[in-house]
Amino acid sequence: MAFRHKPIAFRHKYAVEMRAVLADPLAADGPSLSPRSLLNLGPSDRVVLPSPNGSTCAVLEGQTGAVVYAACLRNATAVGKWVTKHHESATVIACGERWPDGSLRPSLEDHLGAAAVLSTLRGTRSPEAEGAIHLWEGFRSNVQETIANCVSGREAIARGWSKDLEFACQVDTSQAVPSLTDGGFVNVAGGTWLSPITPFPCSSRSATTYIESTS
């Protein structure tokens, strides 16, 4: 079952079990779903993120036995280089969003994040991957302006999240490589990352990288 379907009480219980802080999506201070709210966390801090798209994708992919990584524009090259070095194949998934009725809502920002990772991978690429890379090459020079003007970007700005959008659009400013390990994302390049979902084993020669714009 995906984490986003768990009741609020379960999330709090899980955070206690994981000795972690539960991120509050609406918190004015402390960890929330705002990426900038996590800047003051220390290397050993643990946070449970009830993300409705990223956590769900990570749970489902982890259950297949794949090694799961989290990437975004900020760490695209770091994750891409790590995957190239340590895995024979990779699947890159742009998580997207959901409309209020539960149907899939594609998001340009996640598509660009996936394309940024794909552009750093070596080896044979599918036509879909090549197409995504061409998209990235076309928008890389003005990615922040592009995302700010897309539907998701305009919504974020209208909600007062312009600083978060600016932060999320900073390309390759992080060397973190978050890998799903024992129920949480651990930065395999050094230090602890995030703990968003229920535990399950992950071991495979293939890797799945999921993209969420504010990871």
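The set of residues from the stretch 142-160 being of a type outside the set (Lys, Arg), part of a loop (DSSP other than H, G, I, E, B) and farther than 16 Å from LEU108 by Cβ comprises just one member, GLY160. For the residues LEU135, LEU165, LEU180, the requirement of being part of a helix (DSSP H, G or I) and under 23 Å from ALA58 (Cβ atoms) singles out LEU165. Can VAL186 be described as among the β-branched types (Val, Ile, Thr), out of contact with any Asp or Glu (no Cβ under 7 Å at 6 or more places or on another chain), part of a loop (DSSP other than H, G, I, E, B) and open to solvent by less than 60 Å² (accessible area, probe 1.4 Å)? No: the conditions fail for VAL186.
GLY123 meets all of the listed conditions (1) open to solvent by 50 Å² or more (accessible area, probe 1.4 Å); (2) at negative phi but one, namely (2). Where helices (runs of 4 or more DSSP H) fall wholly inside the stretch 1-111, the ranges with 2 or more residues that are modelled with pLDDT under 85 are 8-17, 54-62.
With the structure loaded, tell me whether HIS111 is of a type outside the set (A, V, I, L, M) and either surrounded by fewer than 16 Cβ atoms within 10 Å (Cβ to Cβ) or touching a helix residue (DSSP H, G or I) at 6+ places or on another chain (Cβ under 6 Å) (or both) or whether it fails that test. For HIS111, the condition - of a type outside the set (A, V, I, L, M) and either surrounded by fewer than 16 Cβ atoms within 10 Å (Cβ to Cβ) or touching a helix residue (DSSP H, G or I) at 6+ places or on another chain (Cβ under 6 Å) (or both) - is not met. State all residues of the stretch 97-128 that are within 21 Å of ALA78 (Cα to Cα) and polar (S, T, N, Q); if no residue qualifies, say none. Result: SER119, THR120, THR124. For the stretch 68-100, taking the residues that are open to solvent by less than 20 Å² (accessible area, probe 1.4 Å) and β-branched (Val, Ile, Thr), the one that is nearest to THR124 (Cα to Cα) is identified as VAL83.
Every residue, every condition in (1) at pLDDT below 55; (2) open to solvent by 60 Å² or more (accessible area, probe 1.4 Å); (3) β-branched (Val, Ile, Thr), yes or no:
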| position | (1), (2), (3) |
| --- | --- |
| GLN144 | no, yes, no |
| ALA148 | no, no, no |
| SER152 | no, no, no |
| ALA158 | no, yes, no |
| LYS163 | no, yes, no |
| GLN175 | no, yes, no |
| SER203 | yes, yes, no |
| TYR210 | yes, no, no |
| SER215 | yes, no, no |
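The values are calculated or read from the model by the stated rules, or taken from the named source; none is laboratory data. Computed from a predicted structure; not experimentally measured. Heads up, the Cβs are rebuilt from the backbone with ideal geometry, glycines too, and the neighbour counts pull from every protein chain shown. Remember, those area values only see protein heavy atoms, side chains included, never the ligands or the DNA or RNA. Shrake-Rupley method; radii C 1.70, N 1.55, O 1.52, S 1.80 Å.
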